[in-house]
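Everything below concerns the one structure shown next.
The values are calculated or read from the model by the stated rules, or taken from the named source; none is laboratory data. What you see is a predicted model, and the numbers here were worked out from it, not measured in a lab. All Cβ positions, glycine included, derive from the backbone under ideal geometry; neighbour counts span all protein chains shown.
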């Protein structure tokens with residue numbers, strides 16, 4: 001093998017490896033980004049469906065467990081990458097928890113959950129709303145969702 | 001016939017280029033997977049055990065959503081077979097899951113799957129099987145703390161679930 005042939009083969013190897021690796025990395029990274037984004041949406045949506053169903057049909061204890069699980073996951077996702085809709089979902093979840101406590105006559109627990117609901121509602125771009133305003137807004141939203149058959 | 005050295009060089013160089021492109025693409029894909037698993041946005045904030053827990057929760061919840069999606073998209077004639085496969089998959093997922101909260105979500109999906117199976121068997125006039133699936137569904141919903149898990153209430157839930165996925169169809173034009 002002549003030195004010229006060696007150089008040509010080496011060049012082919014280097015060019016092939018680097019172009020193949022770069023192209024595949026870029027292509028796969030795009031796919032993975034969509035996959036991970038989709039996965040977060042799918043996971044929170046699945047948990048939201050679960051907690052809504054439990055809130056609607058289960059006893060208070062089970063409904064509370066479902067809502068708390070949903071809040072925990074949403075808060076974790078929110079820490080990782082903040083999103084406005086996620087914040088509003090959290091406000092909604094805490095409002096539902098407050099309603100459960102209202103039904104059980106636990107005024108303090110209800111107040112604590114509403115404080116969290118207020119925090120997330122303000123973080124979602126709607127500051128300065130009272131507990132009763134937030135409750136009224138989510139109650140209206142629930143009715144709209146129910147009428148539309150979304151939940 | 002004797003080949004010219006340039007022709008041989010070129011063929012070998014081309015073969016090396018193609019093979020190294022292929023090897024490079026494998027390397028690139030693997031690096032992207034590794035890079036993404038280590039550098040997902042924000043995951044560095046979480047400690048390793050918490051990150052692992054979140055990963056497994058996200059994976060399991062996504063699997064449930066995908067199963068749901070397929071359950072609704074499966075054509076009517078293949079629906080029962082799909083539902084039975086779904087029940088089997090959900091049972092396996094539940095056994096392998098380490099997250100108690102996610103197990104409850106799996107239970108709900110399992111209950112809905114048994115309910116779908118029961119309603120299909122009822123339509124097919126297989127009373128015995130329909131009853132068996134309905135009893136399984138009722139046991140699951142009872143364990144989930146549902147206040148009304150009567151046959152009528154559960155059928156209404158399934159109808160509502162079904163309606164969620166159906167697109168509103170334009171009304172047929174009156175003649």
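Residue by residue, here is whether (1) more than 13 Å from chain A (Cβ to nearest Cβ); (2) farther than 27 Å from residue A:149 by Cα; (3) in a helix (DSSP H, G or I) holds:
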| site | (1), (2), (3) |
| --- | --- |
| B:88 | yes, yes, yes |
| B:112 | no, no, yes |
| B:115 | no, no, yes |
| B:119 | yes, no, yes |
| B:128 | yes, yes, yes |
| B:152 | yes, no, yes |
field: Scope the range A:124-144; condition farther than 16 Å from residue A:102 by Cβ and assigned to a loop (DSSP other than H, G, I, E, B); matching residues
entry: A:124, A:125, A:126, A:127, A:128, A:129
message: Just to verify a result, which residue in the range A:1-52, among those that are in contact (Cβ under 8 Å) with a residue 24 or more places away in the chain and at the interface with another protein chain (Cβ under 7 Å from one of its Cβ atoms), is nearest to residue B:64 (Cα to Cα)?
response: A:43
message: Being touching a helix residue (DSSP H, G or I) at 6+ places or on another chain (Cβ under 9 Å) and modelled with pLDDT of 90 or more narrows it down to one residue among B:54, B:46, B:27; which is it?
response: B:27
- prompt: So which of A:128, A:149 ends up being over 22 Å from residue A:58 (Cβ atoms), in contact with a helix residue (DSSP H, G or I) (Cβ under 8 Å, 6 or more places away or on another chain) and exposed (fewer than 15 other Cβ atoms within 10 Å of the Cβ)?
  reply: A:128
- request: Kindly indicate which of B:68, B:81 is within 30 Å of residue B:124 (Cα to Cα), at pLDDT 85 or above and within 13 Å of chain A (Cβ to nearest Cβ).
  value: B:68
message: Every residue in the range A:72-116 that is touching a helix residue (DSSP H, G or I) at 6+ places or on another chain (Cβ under 9 Å) and not in a helix (DSSP H, G or I), please.
response: A:81, A:82, A:83, A:104, A:106
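Results for (1) closer than 18 Å to residue A:45 by Cα; (2) crowded, with 18+ Cβ neighbours inside 10 Å; (3) under 24 Å from the mean Cα position of the chain (by Cα), shown as yes or no for each residue.
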site: B:8; (1), (2), (3): no, no, no
site: B:20; (1), (2), (3): no, yes, no
site: B:58; (1), (2), (3): yes, yes, yes
site: B:65; (1), (2), (3): yes, yes, yes
site: B:76; (1), (2), (3): no, no, yes
site: B:92; (1), (2), (3): no, no, yes
site: B:95; (1), (2), (3): no, no, yes
site: B:105; (1), (2), (3): yes, yes, yes
site: B:110; (1), (2), (3): yes, yes, yes
query: In the range A:54-69, how many are surrounded by 18 or more Cβ atoms within 10 Å (Cβ to Cβ) and free of Cβ contacts under 8 Å to residues at least 24 places away in the same chain?
result: 7
query: Which residues, counting only those in the range B:136-150, are more than 12 Å from residue B:112 (Cα to Cα) and in a helix (DSSP H, G or I)?
result: B:142, B:143
